[in-house]
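Encoded as structure tokens, the structure appears first; notes follow it.
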Amino acid sequence: MDSNIPHSLLTLSDAAREIISEIRRLGPSRAVRSGPGSVSGSYPSRKMGVTVQFESHRNELAVILELEHDPEVLAYYDQPPPIPLEYLSRTHRRVRVLHTPDFFVVRTDGAYWLECKAEKKLRELECNQPNRFRHEDGGWRCPPGEIYAAGFGLGYRVRSSDEIDWTFQANIEFLEDYLRGGSFEIPEWAAKYLSSLVLTKTARTLGEWLAFAGEAGIGSDLVYLLLLTDRVYVDLAAARLSEPDRVLLFPTREDAPADRAEIVPEATPMLSRTDTIRELAVRCGPRDLALASERKAALEGAGDSISSRTRRRWMAQFKKAQDQLGDGYLGLLPKVADRGNRKRRLSPETIELTERFIREKYENVRRPNLHSVWIQLTAACRDAGVPAPCYSTLREIALHRPVLERERARSGKRGAYPLEPFVYALERTTPRHGERPFHIGHLDHTELDLELVCSVTGQNLGRPWLSLLTDAYSRRTLAYVLSFESPSYRTCMRITRECVKRFQRLPSVLVTDGGRELLGRYFQSVLARYEIVRKVRPPGESRFGSVCERLFGMTNTRFLHNLLGNTQLSSPTPRLATGSRNPKRQAVWTFESLNRFLRDFLYEVHDRLEHPALGQTPEEAFRVGMAAAGQGVGKENAHF
């Protein structure tokens, strides 16, 4: 065991010390990668001096942040060598497996293997493998892992995603730039002035503190740096620093209430669209909305345009919707679609046989058409002696089945991906686009829809590649690279250099796909050197990079598709691009001219266009975010 782990703090057996030494010597036993719906990556650990792998950014990365900033944790290692587990299966058959835990943790009071899993997955495993994972006393256990670890005087723990404090996680990420900054200096006059505001209760919340600091000419960087000292106390697990009006300040820890519920001010309730409201909004057309507006106007009017009985009925519907949905207008919408007898006329046997044929004969990888399935169903109904449905009835039943489930069976997971539902309500674990500028950056490449020519000979040179580095918070383009070379490690190095040249810093988190150009030694070294967390999007799930993908689309539609030589015609229908309509013959743009105008579009025009998701321009969002969150001392002066 290395000397940087104090032996005096550990009471471990010789066998345990030998296991720890082997784990330290061998390093990770395998390389992690992103799976369906999971974002893997690497975390630059200052405590360990290496990059630590994680398989899920909403589970394992959260545990890494806790281990990194826990003073009781001396060291932690990702993907330690496999250990054997023995247990009885649900059918009482003896099972022996080699299991690779997520981490091995060394603390001042002992050492243990740590397995991190989502709560939902643990519930499923408890049913399928009851002797391996067990929920007891409000926590999760792995008895076979504990038995193996106990033989060496070590421990084995299971960590559920429900145990993660997401408020603490967000605050640690917010302050990590300052925590990584090392030594820093705060002017004594500024520290005394800010501390006095809290001591005299002139500033009770972080929002008020920032306002007073701004009036005194003190930057927000010094405010957040002061939070890391002992002069002011903030409970990082009570409220998010990105919501400063909810963060209460206290002179010392002893001055804070013991009950955390008293620390957090009451949040302003946010209106969320319930399932009922969404269903009503989808079902209603323009005529329904117009009729509801007429009814509301009639209720508000003083005339006798409606009878007293109708008025009472509409008023009752209005008040009921007001109480249940928060908007009485929804109660005045007509319910014409609910009229009539909606019971099925077919016999239960026919319905059961029809639904079975749809699941087995229609929803499969062969992707047959409905008419062929109906012919088989008619023959099966005749053999079974039950009435056969007509083709329109079969079609109605098939098309009313869950669309996502049907497309997954017929087209696979990737084919059904565009039909997956969007996230309507944000939760604490929902992926967000960062809480400040330079928090999350997206890096991606695409081949442009434009043919270029040589500036000297006029010869066609083909289509160039565009690489973009986008700030997720403000949607601002941080850097771009235009090149005829396919994406490589050189492209990645150039785009990071361009970002540093423009802003003297890099994002704290970089989201990329799993391309080979991003796995090079040079680029990985740059990320590790400047302590950047890299997250790898799941394959085939483009929504994880929607910020960058949308900018690519807007660059095409608003800029490139308006230029001579664009490939709109040849991309979807190449047979139509003949003769004078061939983009290669229409090409007039050179690399130099395109690069000049593209720079103006990305850095000037797009920066000043109002973004519909922000309600302001990317430049304004960037400026306001930097003023509120500070520059961050950890990523400044990244010159290379």
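The values are calculated or read from the model by the stated rules, or taken from the named source; none is laboratory data. Just so we're clear, the structure is a prediction, and the values are computed from it rather than from any experiment. Every residue, glycine among them, receives a Cβ derived from its backbone with ideal geometry; neighbour counts consider all protein chains shown. SASA here: full protein model, heavy atoms, side chains in, ligands and nucleic acids out. Shrake-Rupley method; radii C 1.70, N 1.55, O 1.52, S 1.80 Å.
Looking at the stretch 492-501, is at least one residue touching a Lys or Arg at 6+ places or on another chain (Cβ under 7 Å) and open to solvent by less than 10 Å² (accessible area, probe 1.4 Å)? Among the residues of the stretch 492-501, not one is touching a Lys or Arg at 6+ places or on another chain (Cβ under 7 Å) and open to solvent by less than 10 Å² (accessible area, probe 1.4 Å), which makes the answer no.
Do we find that residue 475 is in contact (Cβ under 8 Å) with a residue 24 or more places away in the chain, open to solvent by 20 Å² or more (accessible area, probe 1.4 Å) and out of contact with any helix residue (DSSP H, G or I) (no Cβ under 7 Å at 6 or more places or on another chain) in this structure? When the stated conditions are applied, residue 475 does not pass them.
Just a yes or no: is a residue in the stretch 201-218 in a helix (DSSP H, G or I), open to solvent by less than 10 Å² (accessible area, probe 1.4 Å) and of a type in the set (Asp, Glu)? No. When the residues of the stretch 9-39 are filtered to those that are among the small types (Gly, Ala, Ser) and part of a helix (DSSP H, G or I), the one that is modelled with the highest pLDDT is 21.
Look at the stretch 143-162: where a residue is of a type in the set (S, T, N, Q) and a partner is open to solvent by 50 Å² or more (accessible area, probe 1.4 Å) and outside any strand (DSSP E or B), sitting 6+ places away or on another chain with Cβ atoms under 8 Å, you get 161/58. What about residue 585, is it part of a helix (DSSP H, G or I) and modelled with pLDDT of 85 or more? Here the answer is no, as residue 585 does not meet what is asked.
Residues are listed down the side, and each one gets a yes or a no for (1) over 21 Å from residue 163 (Cα atoms); (2) open to solvent by 40 Å² or more (accessible area, probe 1.4 Å); (3) not aromatic (Phe, Trp, Tyr):
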{"position": "80", "(1), (2), (3)": "yes, no, yes"}
{"position": "87", "(1), (2), (3)": "yes, no, no"}
{"position": "91", "(1), (2), (3)": "yes, yes, yes"}
{"position": "96", "(1), (2), (3)": "yes, yes, yes"}
{"position": "102", "(1), (2), (3)": "no, no, yes"}
{"position": "106", "(1), (2), (3)": "no, no, yes"}
{"position": "115", "(1), (2), (3)": "no, no, yes"}
{"position": "120", "(1), (2), (3)": "no, yes, yes"}
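Residues in the stretch 433-449 that are surrounded by fewer than 24 Cβ atoms within 10 Å (Cβ to Cβ), in contact (Cβ under 8 Å) with a residue 24 or more places away in the chain and in contact with a Leu (Cβ under 9 Å, 6 or more places away or on another chain): 435, 444, 445, 446, 448, 449. Would a scan of the stretch 244-263 turn up a residue that is open to solvent by less than 40 Å² (accessible area, probe 1.4 Å), modelled with pLDDT under 65 and assigned to a loop (DSSP other than H, G, I, E, B)? Checked against the condition, which is being open to solvent by less than 40 Å² (accessible area, probe 1.4 Å), modelled with pLDDT under 65 and assigned to a loop (DSSP other than H, G, I, E, B), the stretch 244-263 yields at least one hit.
Quick one: what pairs do we get from the stretch 508-519, first residue modelled with pLDDT of 90 or more, second among the small types (Gly, Ala, Ser), C-beta under 6 Å, 6+ apart or different chains? Listed by first residue and then by second, the contacts come to 510/441.
Of all the listed residues (88, 122), the sole one being touching a His at 6+ places or on another chain (Cβ under 8 Å) and either under 30 Å from residue 177 (Cα atoms) or modelled with pLDDT under 95 (or both) is 122. A Cβ distance below 8 Å, combined with a sequence gap of six or more or placement on separate chains, defines the contacts here; from the stretch 377-404, residues that are in a helix (DSSP H, G or I) reach residues that are modelled with pLDDT of 90 or more and of a type in the set (Ser, Thr, Tyr) in the pairs 377/354; 381/350; 393/354; 394/354; 397/354; 398/362. Counting only residues that are of a type in the set (A, V, I, L, M, F, W, C), part of a helix (DSSP H, G or I), more than 32 Å from the chain's Cα centre (by Cα) and surrounded by 14 or more Cβ atoms within 10 Å (Cβ to Cβ), the stretch 130-183 holds 1 of them.
Scanning the stretch 478-509 for residues that are within 24 Å of residue 620 (Cβ to Cβ), in contact with a helix residue (DSSP H, G or I) (Cβ under 7 Å, 6 or more places away or on another chain) and not aromatic (Phe, Trp, Tyr) yields 478, 479, 506, 508.
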